[in-house]
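Engineer: Quick one: the structure is below, and I'll ask about it shortly.
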Ligand SMILES: [Zn+2]
Ligand SMILES: [Zn+2]
Ligand SMILES: [Zn+2]
Ligand SMILES: [Zn+2]
Ligand SMILES: [Zn+2]
């Protein structure tokens, strides 16, 4: 069926099921048919009705109030704030015209939820009030993304309409085939990019970078984006983003710079975290005079076209591909990508970066899927010599490192990614502090967007594990708001921290020490053996972190614009159980207990021989076909 | 260096080595620098001088007489025919302005070669006479190709000039990589097409078809030519053709129809044979009302842009790829493709179809190469159950089949490819006849371009093995001219052969019985057990030949426009030692004695599991990495 066929069919079903409906418009937005109605009664039954129609039509349907029957946003805002009682602690209000909802953020939602105020708001404004608890921390990113999306509402609506037309394009006749092409992040860690193409469509999963900043080898930064399989970018139908780390999200804006105009599918927290990290990348590159491959306007282009899905929610993303995202346990919003191709023809799961263990932040990665013929899985820690500490060991190691360093009146420097590891280390330090396992006078400084990233976690509690979600929602119990944490937001504050002779813990980015404020602290602390550099995350080949971890006795860094050699006197310690990646054992358990067992496993996202060796290992263990593709290779799946 | 740089450098070297040269023009044609001079003395030393300059410049150079000093072709032709003595047996004369040569075909070259006539021709016309023996058989194809190329001389010169400019394009900086993409003929026999791409160039080796003529599955006819790796065709830099069989050459004209404008590199006999077979394909498809994917004008487009290489001759075909063709022993002009990529970086050998055994026609396939990191090799007969008769057994079987059938007053029908197997069967029958091993009254009818294909063999004696080359050059010894052979050229003649009740041998195309005159004979002979159908070549999956070979008791064919069932009463016999493909043992010997031993072997051109199983076998035997790619897959070689 074509676009128009679907719409008139939907109208027919509607008229049959609900005669006399006051439908004013019926249209596609993305893969969803949107029905606007002036009938308030119908509006109240919309969920049941939509489900009923969707079942007949095999398309998603949403029913929305016709804008003409609703109070304009300014008047509605005024009216709502009048109706909310003072003691409910009004914090914020925003409108979602897509659903006809007015989202009202309150400190004490229960005061309104169990009252007639809701009915009153509805009848006076015709918006449906949705009462939510005000996020416990303020995130500039969440706020700005929300405002930006409101500003581009009209363009976005048009974009979604056009996408809807494309998604109902009839399939080309002829032989069906499915291919997977490795464009980056295969047999390496960094610049992840994998293309899935069929005889009908092209979907790119991730588009990351290696943040090398080496002007002598500029081509190593990006995946192989210039090959014909993916050129021109207008030939791409969809981009799916597994998570916000720049090695997966970093070059999505580049696609828009060079002509891509389609959607990005991801979770809401990934959308926000990616915007945060991408904007920071642009800012840092500008300030350090590095070659920069896109501008912040391209990040906005991406935002404008991002379609968010919740975990386990399914959407048609091309005429022959259906997408579902599943929790991957790696960082906030991180997802495994499940692609259902054709009508029951073939299913692929791309794990993204993943952790198959319950962590202080998240539930373990999901490994049950409706179907899965092929699994692509990461192998960051699948090497022979990779350590696989438990989280208890990681906790104890970190506590021990702090105590030993403080005993010597030294300072502990911990390089972290702003997103993921920072929050876990914070939770451990706060727990240890509360349980008096580290000194009472411990102060923890957070430099490099860590607080902002933490606030984004607090804005999406449904993506955290249950214990943490409950803690966060009670202000006094929110571990991220503990008085031991101090955010470093200015150069002056940073200098003060550096000049402060007392013992302290510093969490600073970048996590692999290839840039960022961590280098300033490192240069200040490196020459005393009383201090400790503590690694809590993966250090990739070629990074400064890896070199130091490997025992370098000195390193050369730029100091006031000139190369300076620094002898490493400070202690170097590892507390690796914090990793957001599965250990080798966890990867094997993930595969061993996965349902259904895939027929073919592709291994990617591993340094050196890890992909290849892990592929051999799981072939031997499970007897399934395994492949470790090289970048620029294409494998046929069907 | 750029185009202009090379030319001025060449001029400088010239002026230094040969001051006062009368150079009138210096330009590129393809990968060769052409120098035109009015200096007749220089012209006579041209080969030495060209070699000297080529060594300094590392580019090929050819020196040609300036056209203004040469007699026009008509006057020169008249003059030359006056000067040639009657008893030399003048046959033909044509001019090659490219080299300034007048090629004179004589029955008795020695009469002129050892005389002053050569000097006389030269001084009176300024053309360099080249005396050759007149080909012993007349080939319309060779003649027409030669005439066509003369007609499009100007366009061709411009094409070669533009190609020269492209070939001197400086290389793009950046990472070097080499990929191979399977577009057809991998894990199957038919529609061979393999793409080699580097960061700088794209070369397609072969572009064949599966001649299915099934309107229900039109997409099975062609390789996967619509995928982005090879689209648009203007992005291709070069096409290399291994040999003339339509499963390798059949869709090269299609590339020109859809925009390709670059060169085809192949041997001269392959150029002519491919034109013969392609034109026949177009003619037959038209006459049978089949869907046809190109017209004869596209065959001419191909011819115009074909650049021929002799075996072992090397040419730059892109700025980073150098091509050498080596004898493959399969059919006339068949070649293995050796690609040298970068300056000593990487070498690939693509075997094409090949025979590693000396046959009645050819020397065995070459398996010594200057370097070869990767070998791609066919596996047509590499299956577990494939027979591997010796040529002596094939000879004896065929003689036996003829005698047994003639004893019963029956007729022997042999389905053959016009090119290759026909000529071998002819040589065997002629030898058996001469040695009185088959009846004295044996007549052999040849239907379906067999005589024309045979004449092309006679036109390129240097591509045949030495014994046959020598036989052909002596008119009375030329086996192809034996009185037992009778060409069937008209419908009337065919009907006469069919109505003739006497015993005879009929060689008719197509070789796998999927069309062609063989079907007419088959329908006439099938119902008598006195007759014999003798297979001498490979019958691919899905062909009528394969079905009959597998023991079908009846087949349904179109007779006077309606489907008719034919019970198979005639004997079906196999005499497979005639195959132009290596047996499994020969393939293994080819690899085992290949110098150098390749590090990686790709197996293609095999039905069913043959590619995969032969890859496993040679991996086990030689310990090298082996791959049997699927169509649509890409492997990274470097
Ligand atoms: Zn990650
Ligand atoms: Zn990653
Ligand atoms: Zn195995
Ligand atoms: Zn062949
Ligand atoms: Zn072939």
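The values are calculated or read from the model by the stated rules, or taken from the named source; none is laboratory data. Since this is a predicted model, take the numbers as computed values, not measurements. Quick reminder, even Gly has a Cβ in these numbers, built from the backbone with ideal geometry, and neighbours come from all protein chains shown.
Engineer: When you check residue B:418 against the structure, is it part of a helix (DSSP H, G or I), touching a residue at least 12 places away in the same chain (Cβ under 8 Å), crowded, with 24+ Cβ neighbours inside 10 Å and within 16 Å of ligand 4 (Cβ to nearest atom), yes or no? First the steps, then the outcome.
Structural biologist: Values: part of a helix (DSSP H, G or I): no; touching a residue at least 12 places away in the same chain (Cβ under 8 Å): yes; crowded, with 24+ Cβ neighbours inside 10 Å: yes; within 16 Å of ligand 4 (Cβ to nearest atom): yes.
No, not satisfied.
Engineer: Filter the range B:163-175 down to the residues that are away from chain A (no Cβ under 14 Å) and more than 26 Å from the chain's Cα centre (by Cα), then identify the one that is surrounded by the fewest Cβ atoms within 10 Å (Cβ to Cβ).
Structural biologist: Quick first cut of the range B:163-175, residues away from chain A (no Cβ under 14 Å) only: B:163-170.
Checking the rest, the ones that are also more than 26 Å from the chain's Cα centre (by Cα) come to B:165-166, B:168-170.
On the way: B:165: 13, B:166: 18, B:168: 20, B:169: 15, B:170: 11.
Ranking the candidates gives B:170 first.
Engineer: Go through (1) assigned to a loop (DSSP other than H, G, I, E, B); (2) touching a residue at least 60 places away in the same chain (Cβ under 8 Å); (3) out of contact with any helix residue (DSSP H, G or I) (no Cβ under 6 Å at 6 or more places or on another chain) one by one and return the number of the condition residue A:569 breaks.
Structural biologist: So residue A:569 meets the others, but not (2).
Engineer: Can I ask one more? Mind listing whichever residues of the range B:515-539 are in a loop (DSSP other than H, G, I, E, B) and touching a helix residue (DSSP H, G or I) at 6+ places or on another chain (Cβ under 6 Å)? Break it down into steps so the answer makes sense when it comes.
Structural biologist: First, the residues of the range B:515-539 that are in a loop (DSSP other than H, G, I, E, B): B:515-517, B:526-531, B:536-539.
Result: B:531, B:536, B:537, B:539.
Engineer: Moving on. Being farther than 30 Å from residue B:467 by Cα, more than 15 Å from the chain's Cα centre (by Cα) and buried (at least 21 other Cβ atoms within 10 Å of the Cβ) is the requirement here; does residue B:281 meet it? Even if it seems obvious, please write down each step before you answer.
Structural biologist: Working: farther than 30 Å from residue B:467 by Cα: yes; more than 15 Å from the chain's Cα centre (by Cα): yes; buried (at least 21 other Cβ atoms within 10 Å of the Cβ): yes.
In short, yes.
Engineer: Then there's this: Regarding residue A:505, is this residue farther than 22 Å from residue A:278 by Cβ and in contact with a strand residue (DSSP E or B) (Cβ under 9 Å, 6 or more places away or on another chain)? Talk me through it step by step, then tell me what you get.
Structural biologist: Values: farther than 22 Å from residue A:278 by Cβ: yes; in contact with a strand residue (DSSP E or B) (Cβ under 9 Å, 6 or more places away or on another chain): yes.
Yes: the conditions hold for residue A:505.
Engineer: State whether one or more residues within the range B:227-234 are surrounded by fewer than 24 Cβ atoms within 10 Å (Cβ to Cβ), in contact with a strand residue (DSSP E or B) (Cβ under 8 Å, 6 or more places away or on another chain), in a loop (DSSP other than H, G, I, E, B) and within 13 Å of chain A (Cβ to nearest Cβ).
Structural biologist: yes
Engineer: So, one more: Filter the range B:176-199 down to the residues that are within 16 Å of ligand 5 (Cβ to nearest atom) and part of a loop (DSSP other than H, G, I, E, B), then identify the one that is farthest from the chain's Cα centre (by Cα). It would help to see each step written out before you state the result.
Structural biologist: Quick first cut of the range B:176-199, residues within 16 Å of ligand 5 (Cβ to nearest atom) only: B:182-194.
Okay, now just the ones that are also part of a loop (DSSP other than H, G, I, E, B), so B:185-192.
Numbers: B:185: 17, B:186: 20, B:187: 23, B:188: 21, B:189: 18, B:190: 16, B:191: 16, B:192: 14 Å.
Among those residues, the one meeting the criterion is B:187.
Engineer: For residues that are out of contact with any strand residue (DSSP E or B) (no Cβ under 8 Å at 6 or more places or on another chain) and either under 26 Å from residue A:476 (Cα atoms) or assigned by TED's automatic domain parsing to the domain that holds residue A:36 (or both), tally how many sit in the range A:81-139.
Structural biologist: Residues in the range A:81-139 being out of contact with any strand residue (DSSP E or B) (no Cβ under 8 Å at 6 or more places or on another chain) and either under 26 Å from residue A:476 (Cα atoms) or assigned by TED's automatic domain parsing to the domain that holds residue A:36 (or both): 11 in total.
Engineer: Then there's this: For the range A:583-599, which positions are in contact with a strand residue (DSSP E or B) (Cβ under 8 Å, 6 or more places away or on another chain) and outside any helix (DSSP H, G or I)?
Structural biologist: In the first step, residues of the range A:583-599 are kept if they are in contact with a strand residue (DSSP E or B) (Cβ under 8 Å, 6 or more places away or on another chain); the result is A:587, A:590-591, A:594-595, A:598-599.
Hits for the range A:583-599 are A:594, A:595, A:598, A:599.
Engineer: Another one. Any chance you could count how many residues in the range B:235-274 are part of a helix (DSSP H, G or I), at pLDDT 95 or above and away from chain A (no Cβ under 14 Å)?
Structural biologist: Step one: of the range B:235-274, the residues part of a helix (DSSP H, G or I) are B:235, B:246-249, B:252-257, B:268-274.
Right, trim to at pLDDT 95 or above and you get B:235, B:248-249, B:252-257, B:268-274.
Adding the requirement that they be away from chain A (no Cβ under 14 Å) leaves B:248-249, B:252-257, B:268-274.
Qualifying residue count for the region: 15.
Engineer: Oh, and also: Can residue B:198 be described as buried (at least 19 other Cβ atoms within 10 Å of the Cβ), farther than 24 Å from residue A:196 by Cβ and at pLDDT 95 or above? Even if it seems obvious, please write down each step before you answer.
Structural biologist: Numbers: buried (at least 19 other Cβ atoms within 10 Å of the Cβ): yes; farther than 24 Å from residue A:196 by Cβ: yes; at pLDDT 95 or above: yes.
Answer is yes for this residue.
Engineer: In addition: Taking interchain pairs and intrachain pairs at least six residues apart, which have beta carbon atoms under 6 angstrom, with the first residue in the range B:332-359 and more than 14 Å from chain A (Cβ to nearest Cβ) and at pLDDT below 95 and the second within 16 Å of ligand 4 (Cβ to nearest atom) and not in a loop (DSSP other than H, G, I, E, B)?
Structural biologist: Partner pairs satisfying both residue conditions: B:357/B:586.
Engineer: For the range B:605-629, give me each residue that is away from chain A (no Cβ under 14 Å), in a helix (DSSP H, G or I) and surrounded by 21 or more Cβ atoms within 10 Å (Cβ to Cβ).
Structural biologist: B:610, B:614, B:615, B:618
Engineer: Checking the condition assigned to a strand (DSSP E or B) and either free of Cβ contacts under 8 Å to residues at least 60 places away in the same chain or within 14 Å of chain B (Cβ to nearest Cβ) (or both), which residue from A:632, A:602 passes?
Structural biologist: Details: A:632 fails: assigned to a strand (DSSP E or B).
Just one listed residue meets the conditions, A:602.
Engineer: Let me ask another. Please verify whether the range B:110-127 includes one or more residues that are more than 14 Å from chain A (Cβ to nearest Cβ) and on the phi > 0 side of the Ramachandran plot. First the steps, then the outcome.
Structural biologist: Within the range B:110-127, the subset more than 14 Å from chain A (Cβ to nearest Cβ) is B:110-127.
In the following step, the residues that additionally are on the phi > 0 side of the Ramachandran plot were identified as B:126.
Looking for residues that are more than 14 Å from chain A (Cβ to nearest Cβ) and on the phi > 0 side of the Ramachandran plot, one finds at least one in the range B:110-127, hence yes.
Engineer: Now for a separate question. Evaluate the range A:575-592: report whether one residue or more is under 29 Å from residue A:359 (Cα atoms), more than 16 Å from ligand 1 (Cβ to nearest atom), in contact with a helix residue (DSSP H, G or I) (Cβ under 7 Å, 6 or more places away or on another chain) and within 14 Å of chain B (Cβ to nearest Cβ).
Structural biologist: No, there is no match, as no residue in the range A:575-592 is under 29 Å from residue A:359 (Cα atoms), more than 16 Å from ligand 1 (Cβ to nearest atom), in contact with a helix residue (DSSP H, G or I) (Cβ under 7 Å, 6 or more places away or on another chain) and within 14 Å of chain B (Cβ to nearest Cβ).
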